[in-house]
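The values are calculated or read from the model by the stated rules, or taken from the named source; none is laboratory data. Values in this document were obtained by computation on a predicted structure and should not be read as measured data. Reconstructed Cβ throughout: ideal geometry from the backbone, glycine too, with neighbour counts over all protein chains shown. Remember, those area values only see protein heavy atoms, side chains included, never the ligands or the DNA or RNA. Shrake-Rupley method; radii C 1.70, N 1.55, O 1.52, S 1.80 Å.
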Amino acid sequence: MALHAVENVEKAFDITREFLTPIDLRRWLKLALVVFFVGGGVSFPTAQFNTSTPSGSVSNGDIPFSLPVDVVTLVVVFVAAGLLLGGLFALIGAIMEFVLIESLRTGEVSLLSLIHI
């Protein structure tokens, strides 16, 4: 059983070498663009802050300061734009996964391989 796995790895290595050689700059750039979107998953860093509220500084749950409406509006716009761009990047990445699989199946990298006219 172990030799069967080694044979499959050797076959995959040979197919990959045939797919990537000879080096064609245009093909490699298209493949790099596809892999950029496929490999660029959206992940957010996590952090934990050990903070506590100082006693006596906040009374009755009131916020001790207020931000101008313009600043709050700008923050909301930037957060919404970031979420929209992240969602668009994730959507393009999901589509590019199909492009990558189709490129591997046919042996030719085509960015328009999913569009059939």
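Values computed for the structure shown
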| quantity | calculated |
| --- | --- |
| Burial ranking of peptide ranges 91-100, 25-34, 75-84 (average Cβ count within 10 Å, highest at the top) | 91-100, 25-34, 75-84 |
| Gain upon complete extension [Ala32, Leu91; 0.36 nm per residue less C-alpha separation] | 19.5 nm |
| Nearest-10 value in Å² for the accessible area of Ser66, using the 1.4 Å probe | 100 |
| Cα→Cβ-extended label distance, 7 Å offset, between Val6 and Ile101, nm | 3.2 |
